[in-house]
Every structure is written in structure tokens, then in C-alpha cells.
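A.B. asks: Dumping the structure here so I can ask a few things about it.
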């Protein structure tokens with residue numbers, strides 16, 4: 001699975017961080033404004049889709065039993081709403097933290113040739129692992145920086161280099 | 001000292017004591033009862049003879065404990081708040097560095113005592129040469145504070161009274177990113193303060209400043225520039241002669 005690009009959105013849907021995989025030849029840069037529009041659109045779509053799935057939350061999921069039901073059904077949870085888009089040209093995965101920060105990655109599609117058993121789930125697991133690593137980096141290098149104010153764009157070379165290491 | 005030999009105080013403060021508290025540990029003055037609470041009876045005298053009274057349980061043990069670990073996350077969040085707090089009160093970048101230095105200074109003074117105590121009275125000695133005290137800070141003190149020794153210790157080639165301790169990734173500023181408009185602010189000024197405090201209380205008066213000098217592979221590499229007072233240099237020359 002190759003990561004094409006990464007977006008981090010604050011809880012209001014504003015784009016606070018964006019990074020493209022420079023090593024991948026197929027990734028075209030957009031203008032700064034297009035990135036913002038894309039982020040806003042995905043935020044909106046996620047909010048709408050979370051309304052569709054409220055009744056499907058698994059109340060017996062051990063990961064969510066400690067969280068009050070009111071928070072599980074709200075739009076700020078990763079248990080509802082848009083989670084992935086799979087196409088022939090790219091896959092898109094969304095992970096929302098309990099505080100409403102959204103991590104969005106665009107990756108290469110699932111290879112259609114030589115598809116082994118369970119291959120479909122492998123990429124989803126890889127994406128989940130990637131989100132976990134991204135969240136750790138975010139908590140370490142962004143949240144522990146005394147000069148960062150919450151919900152503002154992240155301009156941090158240390159964070160940048162760690163992200164580049166992770167997605168390239 | 002075995003655990004059961006310590007008499008813990010009945011309650012955290014005397015003012016919180018009630019009449020019921022008198023017999024819990026069978027010993028100790030209780031102001032709400034009066035003089036009779038401190039009576040010497042066969043029980044209390046045997047306690048007094050056989051046990052040690054510790055009003056501050058834990059301290060006597062933990063002072064000699066060498067490895068005591070705290071979470072890096074908690075430390076980072078605390079330091080993050082220290083920087084924010086100093087930043088809010090400061091008038092400028094230089095002032096912010098001075099404030100961080102000042103906070104570290106007090107820690108350095110106290111930690112010098114602590115690490116000397118931990119070395120043990122038998123093996124510990126008072127350093128009287130510049131190189132010796134610097135080596136002590138570079139290895140023993142650094143290890144006690146950050147769990148590793150500093151990366152390099154150098155003497156300036158041009159200036160006689162300048163020495164450098166270099167750390168490739170200072171622990172407190174691991175997650176700190178200084179924005180461009182803050183110039184050459186380095187939050188490791190806090191550590192510089194610790195060094196300065198330790199040196200000053202050891203009798204080596206010096207000014208210590210922190211400077212970022214990134215190197216390939218270690219962007220946070222920090223040089224702690226130690227500038228000794230002239231009196232320290234002349235004292236050193238006298239010791240060498242005699």
C-alpha cells in the first residue's frame with residue numbers, strides 16, 4: 001500500500017496539515033485553495049454519512065463500552081460516518097479521534113490481480129495501523145509543542161520529517 | 001530499613017486529628033486529647049526503643065534510590081506549560097530565556113546536593129578543578145537527570161574560559177518546535193540554568209547559555225556554552241602552581 005497524500009482536519013473541518021508523497025510520480029499538487037475545499041467537502045460528507053449510520057453502532061463493542069452513548073452517536077466519533085472510499089484509482093480512508101480531529105489518507109487502490117484470500121482486509125488493517133502511528137506522532141510532536149495553539153495550522157519541521165518518514 | 005519499623009504519623013496534619021485518632025499507631029501527641037496522649041506506657045516505650053519514627057515516610061528511602069523514572073509524556077506536558085507560563089509573563093525572547101534559566105538554576109543548586117548524596121559519603125569528593133566538575137556534570141549529574149550522559153564535552157580553542165557540553169537531543173526540548181519568528185530561542189535554556197545552578201553552588205561561578213547547532217541526523221543538537229568567571233580561572237591557575 002502506497003500512501004499518496006495525508007490530510008489532517010480540525011474539529012471544525014478546517015485543514016490544519018497536508019502532506020503529499022513526493023516520491024510517488026502520480027501525485028499532482030493542487031492549489032492551496034483546492035486543498036481547503038477538498039478538506040471542507042470531506043468534512044461535510046463525513047457529517048452527513050454519520051447521520052445514516054447512527055443506528056448501526058455496536059453497543060457490545062468492547063472498545064466503546066466506556067464511552068457514553070450520547071458521544072458515540074454524535075458526529076465526533078470514529079464509529080460512524082464515512083470510513084473509506086474504494087475506487088479503481090485510489091482508496092481513501094478516514095479516521096476520526098474522539099476529540100474530532102480527522103486524519104484522512106489517500107492510498108493506492110487494492111491490487112485487482114493476484115488477489116489472495118483475505119487481501120481485501122489487509123489494506124484496511126494497514127490503514128488502521130497507519131492511523132495509529134499518525135495519531136501518536138500528532139500527540140507527541142504537535143500537542144507537546146508549547147508554541148502550537150490548538151486548531152491552528154501545523155507548521156512544524158520535526159513533525160514534517162517524522163510524517164515523511166512514515167508515509168514515504 | 002525494614003518497612004514495619006517505621007511509625008507513620010496518625011494523620012497528615014495535627015489540626016486534622018480527632019480524639020479517635022489517639023490509639024491507631026499507639027504513639028504520638030494528639031492536641032485534641034492533651035498531655036495524656038503522649039504518656040509513656042509499657043507499650044509506647046517498647047515502640048520507642050525498637051522502632052524509628054519517620055515523620056516523612058519514604059524520603060529516607062527514595063533519596064538513595066538511583067533510578068527513578070517518570071513518564072516522558074508527563075514531563076513534556078509539564079515543560080510545555082512551563083514554557084507557556086514563562087512566555088506569557090516575559091517581555092521578549094531574551095527575557096523568556098532568562099526566566100527558563102532562572103527556573104533551572106534552583107533545580108541545579110538542589111540537584112547537585114542530591115547527586116552528591118547519592119554518590120555516597122565514602123566515594124564522593126568535592127571537585128576543585130574545572131575539568132573535574134565539568135566531567136561530573138557531563139556524566140553523573142546528566143545521568144541522574146536525563147538517564148544518559150551528555151554527548152560531548154569540549155574546551156573552546158580560542159577563549160580560555162569557555163567550555164562546551166553538547167547534547168544531541170536534550171530531553172526537555174524533544175517535542176519543542178521553535179517558530180521562525182522567535183529567532184534563536186532555545187528552550188534548553190532551562191537545562192543551561194540547571195548547569196549554571198550546579199556550577200555556582202559548587203563554587204565555579206559561570207554563565208551558561210544554550211545554542212542550537214543542528215547536525216546531520218540530530219536537528220535538536222544543543223551546545224551549552226559555559227563561560228567561567230575570571231576569578232575561577234585565576235583560582236584554577238593557583239591550584240595548578242601549588
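A.B. asks: Do you know the relative contact order of segment B:72-241, to the nearest whole percent, from alpha carbon pairs under 8 angstrom that are 6+ apart?
C.D. replies: For segment B:72-241, the relative contact order is 26 percent.
A.B. asks: Right, next: How big is the equivalent ellipsoid of segment B:144-205 along its three axes, where each semi-axis is √(5λ) from the Cα gyration tensor, reported in whole Å from largest to smallest?
C.D. replies: The equivalent ellipsoid of segment B:144-205 has semi-axes of 22, 16, 13 Å.
A.B. asks: Given R₀ = 51 Å, FRET efficiency for residue A:22-residue B:242 by Cβ-Cβ distance, to 0.05?
C.D. replies: 0.20
A.B. asks: Now, a different point. Can you sort A:27, A:106, B:172, B:70 from fewest to most other Cβ atoms within 10 Å of each residue's own Cβ?
C.D. replies: By the 10 Å Cβ count, ascending: B:70, A:27, A:106, B:172.
A.B. asks: Using only Cα atoms, locate the centre of segment B:158-186 and the centre of segment A:1-32, then give the distance between them in Å, rounded to an integer.
C.D. replies: Each part's Cα centre sits 32 Å from the other's.
A.B. asks: With a 10 Å radius around each residue's Cβ, average the other Cβ atoms per peptide and rank A:159-167, A:9-17, B:99-107, highest first.
C.D. replies: B:99-107, A:9-17, A:159-167
A.B. asks: Arrange the following residues from fewest to most other Cβ atoms within 10 Å of their Cβ: A:93, A:138.
C.D. replies: Listing A:93, A:138 from fewest to most nearby Cβ atoms yields A:138, A:93.
A.B. asks: If you rank B:187, B:169, B:80 by fewest surrounding Cβ atoms within 10 Å, what's the result?
C.D. replies: The order, fewest Cβ neighbours first, is B:169, B:80, B:187.
A.B. asks: May I pose another question? Please give the FRET efficiency for residue B:233 paired with residue B:139, using the beta carbon to beta carbon distance and R0 = 22 Å, rounded to the nearest 0.05.
C.D. replies: E(calc), rounded to 0.05, equals 0.45.
A.B. asks: Could you check the simple spin-label distance between residue A:112 and residue A:149, using points 7 Å along Cα→Cβ, in nm with one decimal?
C.D. replies: Result for the modelled spin labels: 5.0 nm.
A.B. asks: Ok, one more. Divide, for segment B:72-241, the radius of gyration over alpha carbons by 2.2 N^0.38 Å, where N is the residue count.
C.D. replies: Taking the Cα Rg and dividing by 2.2 N^0.38 Å, one obtains 1.04.
A.B. asks: Counting partner chain Cβ atoms within 10 Å of every residue's Cβ in A:137-145, what's the average?
C.D. replies: Counting other chains' Cβ atoms within 10 Å and averaging over A:137-145 gives 4.
A.B. asks: Pairs of alpha-carbon atoms within less than 8 angstrom and 6+ residues apart define the contacts here; what relative contact order does segment B:201-242 have, in percent?
C.D. replies: Normalised by residue count, the contact order of segment B:201-242 is 37 percent.
A.B. asks: Using 0.36 nm per residue of separation minus the Cα-Cα distance, give me the extension gain between residue B:121 and residue B:41 in nm, one decimal.
C.D. replies: Answer, rounded to one decimal: 24.9 nm.
Coordinate-derived values only; no laboratory data. Bear in mind that the values here come from a model prediction, so they are computed numbers and not experimental data. A quick note on method: Cβ atoms are made from the backbone with ideal geometry, for glycine too, and the neighbour counts reach across all protein chains shown.
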